1. Among residues belonging to the range 13-32 that are under 12 Å from the mean Cα position of the chain (by Cα) and in a helix (DSSP H, G or I), point out the one that is farthest from H47 (Cα to Cα).
2. Could you grab me the full set of residues in the range 21-40 that are touching a strand residue (DSSP E or B) at 6+ places or on another chain (Cβ under 9 Å) and in contact (Cβ under 8 Å) with a residue 40 or more places away in the chain?
3. Across the range 40-73, what is the total count of residues that are at pLDDT below 90 and farther than 18 Å from M1 by Cα?
4. Within the range 60-89, which residues are touching a residue at least 40 places away in the same chain (Cβ under 8 Å) and surrounded by fewer than 13 Cβ atoms within 10 Å (Cβ to Cβ)?
5. Taking the range 1-19 as the search range and keeping residues that are among the charged types (D, E, K, R) and surrounded by fewer than 16 Cβ atoms within 10 Å (Cβ to Cβ), which one is nearest to Y81 (Cα to Cα)?
6. T56 versus (1) loosely packed, with under 13 Cβ neighbours inside 10 Å; (2) more than 11 Å from the chain's Cα centre (by Cα); (3) assigned to a helix (DSSP H, G or I): which is the lone unmet condition?
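The values are calculated or read from the model by the stated rules, or taken from the named source; none is laboratory data. All values reported here derive from a predicted model rather than from experimental measurement. Don't worry about glycine lacking a Cβ; one is built from the backbone with ideal geometry, like all the others, and counts go over all protein chains shown.
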Amino acid sequence: MDTRAARYFKWLLFWQQQGRCCYCGEHVVLTYRPYDAARPYAATLEHLQRRVDGGTGHPSNLAMACKHCNNTRGERDWLSYASWRRNEF
């Protein structure tokens, strides 16, 4: 996915998810500056089904997550990780 498409999908998902992370529900910030993109609350594109598990870059497999959640998910399934982040267990 090129940069232009990634920016479009981030903006679209930001609007659809009301500016919240798909895992923890915290507000995220859309930014394109490298300094701000490294912050834990920066918006990132997340593949719900990981690409190594057969997931694709199709828009139906994308969600917006904060950088912290995106980096800490690891090998966990997206649904169980979301429940864990929201303290639903």
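1. F14
2. Start the filter on the range 21-40 by keeping residues that are touching a strand residue (DSSP E or B) at 6+ places or on another chain (Cβ under 9 Å), which leaves 21-24, 26-31, 36-37, 39-40.
The answer is C21, C22, Y23, C24, E26.
3. 1
4. R86
5. R7
6. Tallying (1) loosely packed, with under 13 Cβ neighbours inside 10 Å; (2) more than 11 Å from the chain's Cα centre (by Cα); (3) assigned to a helix (DSSP H, G or I), T56 fails exactly one: (3).
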